[in-house]
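J.: Below is the structure I would like to discuss, written out as structure tokens.
What follows is calculated from the coordinates using simple rules that are stated; it is not laboratory data. Small disclaimer: the values here were computed from a predicted structure and weren't measured. Quick reminder, even Gly has a Cβ in these numbers, built from the backbone with ideal geometry, and neighbours come from all protein chains shown.
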Amino acid sequence: MELWHILLILVGGFAAGAMNALAGGGTFFSFPALLLAGIPPVSANATNAVALWPASLSTALALRREVRHLNWRHYLLPLCLAALIGGLIGGVALLLTTDQTFFVLIPWLLLLATLLFSFSRIIARWVEHISQRSGAPERLSPLAFCAQTGVSLYGGFFGAGMGIMMIASLAIAGHTRLLEINALKSLLSSLIYSVAAITFMLAGAVHWPALLIMLVGTLSGGYAGGLFARRLPDIWLRRLIIVIGWGLTGVYFHQVYA
């Protein structure tokens, strides 16, 4: 890699780590940076997923107390199995996808992620409304299992916007506390990223030099974002990410279909 590739990946990783700590949407920075550095699309996506893996594990560990009261055998275990199954299927599906095919899918995946992020506030208000009138689940229904498997499959394949999908599906499943929903989302995301990351590493799909550079950026960016979390207006950051998301979507639609 050339020096400007290293700087690009480092800056993209830093921005991703900072944005994930502040408002979310870090993939809009890290994934395009890897592509611009000349890494093939499938390898770039796999490398990006592995780079986000440590943060998902640490968040799940921090919020583990919020899910201890849930029924392990009839609810939490099936939910975790759905995350593992979906994440594995999504990861394998990515590995079976050619770079050319994935490149054609990129604008559509970015469009979906951008739409989810753009309307995440509306989804959050709807989730809050649903959770206020729902009862705490004791058993995982077949519909909820299938929904979580589908969300996890998407997460293993691409991942951007997965958290918003998961928040909505957990609320529909009957969770009443937003902190509990967030804790479950973190737990399930860590499982999805874990099984997908291990799959990508075993398959040799990870670009290791880029990964090490990006980890430096994401970890330092996450720390910096945590320091400034209370000083920067959330609405400005969200608007910036939405503008970047729509801009990247337009750029890749032009590259693929122009």
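J.: Measuring from centroid to centroid over Cα atoms, what is the spacing of region 234-258 and region 184-229 in Å?
T.: 22
J.: Helix by helix, which DSSP H runs in the chain go 15 Å or more along their axis at the Cα atoms and have an average Kyte-Doolittle hydropathy of -0.5 or more?
T.: Membrane-span-like by this rule: 3-22, 41-62, 77-96, 99-118, 120-132, 142-157, 162-173, 178-203, 208-228, 234-257.
J.: Considering all projection directions equally, how large on average is the shadow of the alpha-carbon convex hull of region 3-257, in square nanometres?
T.: Answer in nm², one decimal: 13.1.
J.: Additional query: Can you give the FRET efficiency to the nearest 0.05 for LEU61 and LEU202, using r as the Cβ-Cβ distance and R₀ = 22 Å?
T.: 0.40
J.: How much of the pair distance distribution for region 76-128 lies past 16 Å, counting alpha-carbon pairs only, in percent?
T.: Cα-Cα pairs of region 76-128 separated by over 16 Å account for 64 percent.
J.: GNM, the chain, Cα, under 10 Å: largest mean-square fluctuation among MET214, MET19, MET201?
T.: The residue that fluctuates most here is MET201.
J.: State which stretch of the chain is the longest one without any exposed GluC sites (Glu not before Pro), exposure meaning a DSSP loop state and at most 16 other Cβ atoms within 10 Å.
T.: Here the longest segment lacking exposed loop sites spans 3-137.
J.: Taking only C-alpha pairs under 8 Å that are 6+ residues apart, what is the relative contact order of the chain in percent?
T.: Taking the mean separation of contacting Cα pairs over the length of the chain, I get 39 percent.
J.: Determine, from the Cβ-Cβ distance of ARG121 and ILE6 and an R0 of 25 Å, the FRET efficiency 1/(1 + (r/R0)^6), rounded to the nearest 0.05.
T.: About 0.10, to the nearest 0.05.
J.: Shape call for region 21-100 from the C-alpha gyration tensor, a ≥ b ≥ c root eigenvalues: rounded (a/c under 1.5), prolate (a/b greater than b/c) or oblate?
T.: oblate
J.: Let me ask you something else. Please find, in a Gaussian network model of the chain (springs between Cα atoms separated by less than 10 Å), the residue of GLY225, GLY159, GLY38 whose mean-square fluctuation is greatest.
T.: So, out of GLY225, GLY159, GLY38, the one fluctuating most is GLY38.
J.: Describe numerically, in nm with one decimal, the distance between label points set 7 Å from Cα along Cα→Cβ at LEU81 and at ALA93.
T.: 2.1
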